[in-house]
Amino acid sequence: MESDHSQPPRQDPYAALRFPEFRAFLLMRFFLTFGYQIQAVVIGWYIYHLTKDPLSLGMIGLSEAIPAIGIALYGGYVADKSEKTKLLKIIISGMFACSAVLYFITLPSITSQIGITHIVGIIYVMIFCIGICRGFMGPATFSLMAQVVPRELYPNSSTWNSTGYQVASIAGPAAGGLIYAYGGASHTFLIILAFMLVAFSCLFFLKKRPPQFVAGENIFKSLSQGIRFVFNNKMMLGAMSLDMFSVFFGGAVALIPVIASEVLHVGAEEFGLMRAAPAVGAVLTMLVMARHSPMNKPWRNLLIAVIGFGISIICYGLSTNFYLTLVFLFFEGVFDSISVVIRSTIMQLLTPDEMRGRVSAVNSMFIGSSNEIGAFESGLTARLMGTVPAVIFGGTMTLVVVSITYFKTKVLVPLGLKEIQNQPA
């Protein structure tokens with residue numbers, strides 16, 4: 001029987017992984033994210049243990065979001081004009097220094113000499129400094145990823161990049177909860193430092209490439225070009241706005257320490273599982289998306305994903321059973337991962353090489369820090385109206401946002417990615 005040569009070649013789900021530099025990039029981001037996720041778990045649990053105040057959890061997000069947003073545009077400018085691997089070495093060194101300070105102040109010999117107020121204050125300062133590093137990290141990694149794989153593999157590389165992030169987000173919270181429960185805060189920070197060193201070493205396997213940047217260009221003109229590019233692209237602007245508002249109101253995951261302690265009455269091990277549950281759902285979904293891309297009708301799929309995200313948040317807030325809560329957090333991760341892959345693929349495909357840092361910086365201002373600001377919103381509403389009503393309010397507002405977005409962008413729903421690119425701004 002003759003073969004049917006009219007059929008398109010089968011998609012290679014591992015195409016991006018066949019490039020050694022992309023594998024090194026993926027490992028760097030994995031180990032850095034793994035350490036960061038452990039650190040987020042430890043800081044959240046440690047501060048709530050010290051203060052017993054849900055607003056203190058919101059302040060963690062705000063302390064990181066303010067510098068990350070404030071420096072984001074300049075971070076994008078620096079990323080575009082800098083050699084990416086060198087810049088990332090500086091950034092990771094800064095994050096390492098902050099984690100080292102957190103290690104020292106949580107040593108029993110140190111904590112016994114300073115009061116709770118001073119410990120919490122130092123932690124917030126270190127989180128603020130990490131936020132500064134994040135303002136440069138996002139644009140640098142976004143730009144670097146585009147350099148280590150061919151353009152036609154951007155959708156595949158975005159899926160694997162997001163998968164690596166979510167795998168780290170599974171292992172990080174679970175490991176953080178267990179290590180903290182059995183070893184305490186200081187031992188956990190020591191392990192975090194080790195993983196940061198591994199991430200730093202991965203950068204030596206990446207080639208140095210000169211930046212594609214117009215020398216001598218005025219910084220204000222350069223930044224305004226990045227902003228105009230995003231605001232003139234209907235799909236990119238819409239995706240960023242939708243994610244920003246939905247994550248802002250859906251930031252109730254930041255209240256997991258309160259839900260675990262006050263509603264479900266579980267300990268640090270179960271808390272780690274709760275933090276890991278969204279990432280488990282996300283990584284399984286992303287493995288499916290490596291073969292079955294959601295980009296056939298991206299806007300329709302994005303709206304559906306955000307609806308599912310909002311419903312999952314509401315159910316999570318209503319649940320009083322630990323195992324049901326894990327299920328709802330799992331589906332929160334499923335729907336969030338679809339949104340992440342669609343948005344990151346759109347950005348990679350639609351952004352010119354010479355503007356990647358600045359466009360990523362605008363994205364960071366929209367989305368990258370909306371998690372932290374959403375955490376602050378959740379902490380504040382939890383204090384004002386109670387934890388469970390705050391979670392339900394956040395999920396409900398997410399559904400309101402996606403409903404408004406649907407009616408304003410109905411023309412994009414039936415279109416494919418190429419058709420949307422040709423829509424007028």
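Worth pointing out:
- Residue match in the range 295-304 (condition: touching a Gly at 6+ places or on another chain (Cβ under 6 Å), within 23 Å of Phe142 (Cα to Cα), in a helix (DSSP H, G or I) and among the aromatic types (Phe, Trp, Tyr)): no
- Selection status of Gly272, under 20 Å from the mean Cα position of the chain (by Cα) and not basic (Lys, Arg): yes
- Remark: pairs (first residue in the range 161-175, at positive phi; second residue surrounded by 22 or more Cβ atoms within 10 Å (Cβ to Cβ) and hydroxyl-bearing (Ser, Thr, Tyr); Cβ separation under 9 Å; 6+ apart in sequence or on different chains) are absent.
Table: residues versus (1) at pLDDT 70 or above; (2) closer than 30 Å to Glu262 by Cβ.
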{"site": "Val334", "(1), (2)": "yes, yes"}
{"site": "Ile338", "(1), (2)": "yes, no"}
{"site": "Gly368", "(1), (2)": "no, yes"}
{"site": "Leu380", "(1), (2)": "yes, yes"}
{"site": "Ile392", "(1), (2)": "yes, yes"}
{"site": "Val400", "(1), (2)": "yes, yes"}
{"site": "Leu415", "(1), (2)": "yes, no"}
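- Residues of the range 377-412 that turn out to be under 23 Å from the mean Cα position of the chain (by Cα) and farther than 25 Å from Leu255 by Cα, as a count: 1
- Among the residues of this structure, Val149 counts as one that is more than 18 Å from the chain's Cα centre (by Cα) and over 25 Å from Val41 (Cα atoms).
- Just so you know, in the range 119-153 the residues that are of a type in the set (Phe, Trp, Tyr) and crowded, with 19+ Cβ neighbours inside 10 Å include one that is nearest to Ser293 (Cα to Cα), and it is Phe142.
- Number of residues in the range 402-412 that are modelled with pLDDT of 80 or more, of a type outside the set (Phe, Trp, Tyr) and either surrounded by 15 or more Cβ atoms within 10 Å (Cβ to Cβ) or outside any helix (DSSP H, G or I) (or both): the value is 2.
- Applying a threshold of 8 Å to beta carbon distances and a minimum spacing of six or more residues, or different chains, the list of pairs starting in the range 319-342 at a residue that is closer than 21 Å to Ala390 by Cβ and ending at one that is among the acidic types (Asp, Glu) and surrounded by fewer than 22 Cβ atoms within 10 Å (Cβ to Cβ) reads Phe322/Glu270.
- Among the candidates Phe248, Phe213, Phe220, the residue that is buried (at least 19 other Cβ atoms within 10 Å of the Cβ) and modelled with pLDDT under 85 is uniquely Phe248.
- Within the range 291-302, considering residues that are of a type in the set (A, V, I, L, M, F, W, C) and surrounded by 21 or more Cβ atoms within 10 Å (Cβ to Cβ), the one farthest from the chain's Cα centre (by Cα): Trp299
- Residue count for the range 225-235, restricted to those that are modelled with pLDDT under 75 and in a helix (DSSP H, G or I): 7
- When Ile116, Ile110 are checked against the criterion of being at pLDDT below 90, touching a Leu at 6+ places or on another chain (Cβ under 6 Å) and surrounded by fewer than 18 Cβ atoms within 10 Å (Cβ to Cβ), a single residue qualifies: Ile116.
- The set of residues in the range 173-194 that are within 20 Å of the chain's Cα centre (by Cα) and more than 17 Å from Ala100 (Cα to Cα) comprises Pro173, Ala174, Ala175, Gly177.
- With respect to (1) touching a residue at least 24 places away in the same chain (Cβ under 8 Å); (2) surrounded by fewer than 24 Cβ atoms within 10 Å (Cβ to Cβ); (3) out of contact with any Gly (no Cβ under 9 Å at 6 or more places or on another chain), the lone exception for Lys52 is condition (1).
The values are calculated or read from the model by the stated rules, or taken from the named source; none is laboratory data. This structure is a prediction, so every number in the text was calculated from the model and none was measured. Heads up, the Cβs are rebuilt from the backbone with ideal geometry, glycines too, and the neighbour counts pull from every protein chain shown.
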